[in-house]
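Take a look at the structure below.
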Amino acid sequence: MLRITLLTAFTLIAGAAVAEPVHSIAMHGTPALPADYKHFPYVNPDVKKGGKITYGVVGTFDSLNPFILKSMRTTARGMWDPQFGNLVYESMLQRSSDEPFTLYGLLAETVEWDEDRTFIQFNLNPKAKWSDGQPVTPEDVIFSFELLRDKGRVPFSSRLNLVSKMEKVGDHSVRFTFNDKADRETPMIFGLFPILPKHAIDLDSFDRSTLTPPIGSGPYKIKSLKPGESITYERDPNYWGKDIPAKVGMDNYDRLTVQYFLQDTTLFEAFKKGDVDIYLEGNPGHWANAYDFPAATSGVVVKDVFKPKLPSGMLGFVFNTRRPIFSDIKVREGLSLVFDFEWANKNLYSGAYKRTQSFWQNSDLSSFGVPADARELALLGPIKDQIDPAILDGSYKLPVTDGSGRDRKVLKQAVDLLKQGGYTIQGGKMADASGKQLAFEIMTQNPDQEKLAVAYQRSLQTIGVAASIRTVDDSQYQSRTNSFDYDMIMKAYTSSLSPGNEQLGRWSSAARTREGTDSFAGANDPGLDTLIDHLLRARSAEDFTASVRSFDRLLISNHYVLPLYHIDQQWVARNKRIGHPDAVPLYGYQLQTWWDTSAQ
């Protein structure tokens, strides 16, 4: 079969570019799989479907609608879920976990676009149906975009701001023509937009939390739920997409349950007893020492280590720059130096972690240890003057302490920086010119975060900074992070090999005042806005790499986050009854491809 690539996805007829349908689209380059591919390379296409699985999560839920602000962080897991799978709702296209950013047909069988990406047309699969048997139509697509524009949360509510025309084409297609606000990632993002059934949505009540099971096009339907405690899904035997290539080897359980727990310790106890089938481990000390219970020693529980090929991401203490005390870069930099990573890594984590120095460490997109080349400097322009020269020339790295928790040399550097920010030690307290002590609160979610915050607190006390710690329950944490009501929190910024529009929600000036975004630091820097734009408009792989590196440099130089640590492995403990494919894709293990080996 002839393979149509993105480079040949348009032909010239009478001087005009006319798009031809393609089976997949890639952000950069061409898709890895041909038009006649049978399945993704990281699934088991011959898996026996059936059986059950129970996941465990910490938190609660009060809604089944993941698309509105009110229940943004308290929607039942699984409805629209990158980890457990989009069980109920689907998008036009399905992302491959083995390529940086490539999408293959799902609700849309094929797509059409032009070389400049001024439009995208989704051609619906005629087999696509809702769980009540009604067909998925172009009207559903148009309705979904309009509904979430009017009543949805960001980023769904802002998508049509990028569109000059949305129109039905023929019986099965919808075309979006973009305006000058769109960028080269825009059509990719539209391919991942949730599609909802027009005939089954109550417009008046859509923006209110609900526990009424909805109609979706996905592989599962809700079987039962206990608000805040558990939700159980059952596989739809009539699921329309079970045989399309992007879904082969996925959605393998007949029944899937998500149990909710108030604390991680309770969740782990449930796993030990066999009430939960999988435990996603994040603590190296716990991974090394906590698996001496009977099910683990007998082999009923299996420990797996996966090695994805991903950037490190950034886990750290986040400064809320909306707070006046954190508005000065020098203050943020000084406070960052106070944290003694070497002490924490040795005493809390048995030396398992590496210090994170970049948002894209361990990849070609990282600026760490790499001097800015001519291409980067051209992209930066005058913005380069905002960047620490050591970060610009690749020589910057966080100081290494003596591991004592009070390294005098490093603490002196911190005190000198705080002095530049207007603070000096007065009577044993770090205070401003009026004598007011530098003080702030660290809001934490769980004992692990609290333990790290206590270590930081002790180091801060040595230079007279007063840090209090408040550990709150999940609902309060979600409410306060939604409204940016905190001084400092711990957050993990995941990084992909194809960063794009998600950076707007994290770092753009516009996101600073929008509740519910991921603008946890409250950045307000025109330089960042410019570099995000460069990132989104890059065409060549070389320009893209340069744009991400320059963006990385400015983020690091602005000290929005006190960098913590990372590890280049993924740890999962599972009941041996749960199997998984041998192949590990670029993005690491994929729970949607696992199965119950006892299925009959």
(request) May I ask you to sort His286, His580 by Cβ crowding, counting other Cβ atoms within 10 Å and putting the fewest first? (result) His286, His580
(request) Can you find, among Phe67, Asn345, Ser479, the residue farthest towards the positive end of the dipole of the chain? Put +1 on the C-beta of Lys and Arg, -1 on that of Asp and Glu. (result) Asn345
(request) Just need the Rg to Rh number for the range 6-205, please, alpha carbons only, Kirkwood Rh. (result) 0.97
(message) I need the shape label for the range 25-81. Rule: rounded when a/c is under 1.5, else prolate if a/b > b/c, else oblate, with a, b, c from the alpha carbon gyration tensor.
(response) oblate
(request) Would you mind telling me the antiparallel percentage of the DSSP bridges in the chain, rounded to 5? (result) 80
(request) Work out the length of the dipole vector of the chain about its Cα centre, built from +1 on the beta-carbon of each Lys and Arg and -1 on the beta-carbon of each Asp and Glu, and round it to the nearest 20 debye. (result) 1100
(request) Using only the alpha carbon atoms of the range 531-600, find the Kirkwood hydrodynamic radius as the inverse mean reciprocal pair distance, in angstroms to one decimal. (result) 16.2
(request) Return the FRET efficiency for the residue pair Ala439, Lys409: r is the Cβ-Cβ distance, R0 is 35 Å, and the value is rounded to the nearest 0.05. (result) 0.90
(request) Report the extension gain between Ile425 and Lys127 in nm, rounded to one decimal, defined as 0.36 nm multiplied by the number of residues separating them, less their alpha carbon distance. (result) 100.2 nm
(message) Using Cβ contacts closer than 10 Å as the measure, can you line up Ile195, Ile567, Ile442 from fewest to most?
(response) Ile567, Ile442, Ile195
(message) At 4 °C and a viscosity of 1.567 mPa s, what translational diffusion coefficient does Stokes-Einstein give for the range 371-446, taking Rh as the Kirkwood radius over Cα pairs? Give it in µm²/s as a whole number.
(response) 82
(message) Please list, in order, the residues from the range 85-120 whose amide nitrogen is less than 16 Å from a point placed 7 Å along the Cα→Cβ vector of Ser164.
(response) 114-120
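When you count, for each residue, the other Cβ atoms within 10 Å and take the mean per peptide, how do 570-576, 63-69 rank with the highest first? Before the final figure, lay out the partial values.
Numbers: 570-576: 18.7, 63-69: 20.9.
So the order, starting with the most tightly packed, is 63-69, 570-576.
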(request) On a C-alpha basis, how far is the centre of the range 467-522 from the centre of the range 67-82 in Å? Whole number, if you could? (result) 16
(request) Pick out, in residue order, every one of the GluC sites (Glu not before Pro) in the range 202-293 that is DSSP loop and has at most 14 other C-beta atoms within 10 Å; say none if there are none. (result) Glu229
(message) Explain nothing, just the number: dipole magnitude of the range 6-205 about its Cα centre with +1 on each Lys and Arg Cβ and -1 on each Asp and Glu Cβ, in debye rounded to the nearest 20.
(response) 640
(message) For a quick size check, give me the Cα extents of the chain along its three principal axes, largest first, whole Å.
(response) 76, 66, 46
(message) With the cut-off at 18 Å, tell me which of the pairs Lys127/Lys247; Lys127/Lys242; Lys49/Lys221; Lys151/Lys221; Lys272/Lys303 have Cα atoms farther apart than that.
(response) Lys151/Lys221
(message) Restricted to Cα positions, what overall size does the range 56-142 have along the principal axes? Three whole-Å values, descending.
(response) 44, 34, 23
(request) Using label points projected 7 Å from each Cα along Cα→Cβ, tell me how many nm separate Glu229 and Asp473, to one decimal. (result) 1.5
(request) For the range 138-213, list log₁₀ I(q)/I(0) at each q in 0.19, 0.20, 0.23 Å⁻¹, using the Debye formula over Cα point scatterers of equal strength and ignoring solvent, two decimals each. (result) -0.84, -0.91, -1.14
(request) Could you list the trypsin sites (Lys or Arg not before Pro) in the range 219-288 that lie in coil according to DSSP, counting only those with at most 15 other Cβ atoms within 10 Å of their Cβ? (result) Lys242
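Rg/Rh for the range 314-566: what does it come to with C-alpha atoms and Rh from Kirkwood?
My calculation of the ratio gives 0.96.
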(message) How high is the relative contact order of the chain? Use alpha-carbon pairs under 8 Å, at least six apart in sequence, and give a whole percent.
(response) 20
(request) Would you mind pulling out the separation of the Cα centroids of the range 528-600 and the range 178-231, in Å? (result) 24
(message) Checking the a/c ratio against 1.5 first, then a/b against b/c, what shape does the Cα gyration tensor give for the range 132-173?
(response) oblate
(request) Ratio to report: Rg/Rh of the range 287-433, with Cα atoms as the point set and Rh obtained by the Kirkwood method; give two decimals. (result) 1.07
(message) Run the helix sum for the chain: -39,500 (n - 2.57) per DSSP H stretch of 4+ residues, divided by residue count, reported at 222 nm to the nearest 500 deg cm²/dmol.
(response) -7000 deg cm²/dmol
(request) State, to one decimal in nm, how far the label point of Lys307 lies from the label point of Asp180, with both points 7 Å from Cα in the Cβ direction. (result) 5.0
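No value in this document is a laboratory result; all are computed from the given coordinates. These numbers were taken from a predicted model, which means no experiment stands behind them. Cβ: placed from backbone, ideal geometry, glycine included. Neighbour counts: every protein chain shown.
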